[in-house]
1. Hey, what do the phi angles of the range 72-88 turn into as Karplus ³J(HN,Hα) couplings, whole Hz, using 6.51/-1.76/1.60 and θ = phi - 60°, x for Gly and Pro?
2. Ranked by accessible surface with a 1.4 Å probe, highest first, in what order do ASP93, ASP27 come?
3. Using the eigenvalues of the Cα gyration tensor, what equivalent ellipsoid semi-axes result for the chain when each is taken as the square root of five times the eigenvalue, whole Å, largest first?
4. At 1.4 Å probe size, what's the solvent-accessible area of ILE2? Round to the nearest 10 Å².
5. Pop out the carbon and sulfur fraction of the accessible area of the chain as a percent, whole number, probe 1.4 Å.
6. Can you tell me, using C-alpha contacts under 8 Å and at least 6 residues apart, the relative contact order of the chain as a whole percent?
7. Might you work out the accessible area of VAL90 for me, using a 1.4 Å probe with all protein chains in place, and round it to the nearest 10 Å²?
8. What accessible area per residue comes out for the chain, rounded to a whole number of Å², with a 1.4 Å probe?
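The values are calculated or read from the model by the stated rules, or taken from the named source; none is laboratory data. Computed from a predicted structure; not experimentally measured. Ligands, DNA and RNA are excluded from the accessible area calculation, which covers all protein heavy atoms including side chains. Shrake-Rupley method; radii C 1.70, N 1.55, O 1.52, S 1.80 Å.
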Amino acid sequence: MIPPLAFVVLAAVLFVLGIIAFFVKKDLLTQFMAVEIMLNAGNLAFLALAKAPARPAAQGLVLFVITVAAAEAVIGLAVIVLVFRQRRSVRTDDLKDLKG
């Protein structure tokens, strides 16, 4: 049996990789996937902590995060598609004139 600490360490590694990908890549789709990796890393950490006997609420929290991630995916992809239709590009360098 794999100890829960190994899952927490894996979640931390995935979260750090998501942060790095978000700040290094200049493509909106790649940044979007980096955010999804970070959300899934959080879910993995919550599930690892849910294995502890005194923390049954973590599974409910994971369901909440999955719901928020699904809504975020729908809205985020819709925004990216709209940006691509207007600009023919999803690179963040090309979107600097969107500042309000």
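1. Once θ is set to phi - 60°, the couplings for the range 72-88 become 5, 5, 5, 5, x, 5, 5, 5, 5, 5, 5, 5, 5, 5, 8, 10, 6 Hz.
2. I get ASP93, ASP27, largest accessible area first.
3. 33, 15, 8
4. So the heavy atoms of ILE2 present about 100 Å² to solvent.
5. The computed percentage sits at 74.
6. Answer for the chain is 28 percent.
7. Roll a 1.4 Å probe over it and VAL90 shows about 30 Å².
8. Value returned for the chain: 71 Å² of accessible area per residue.
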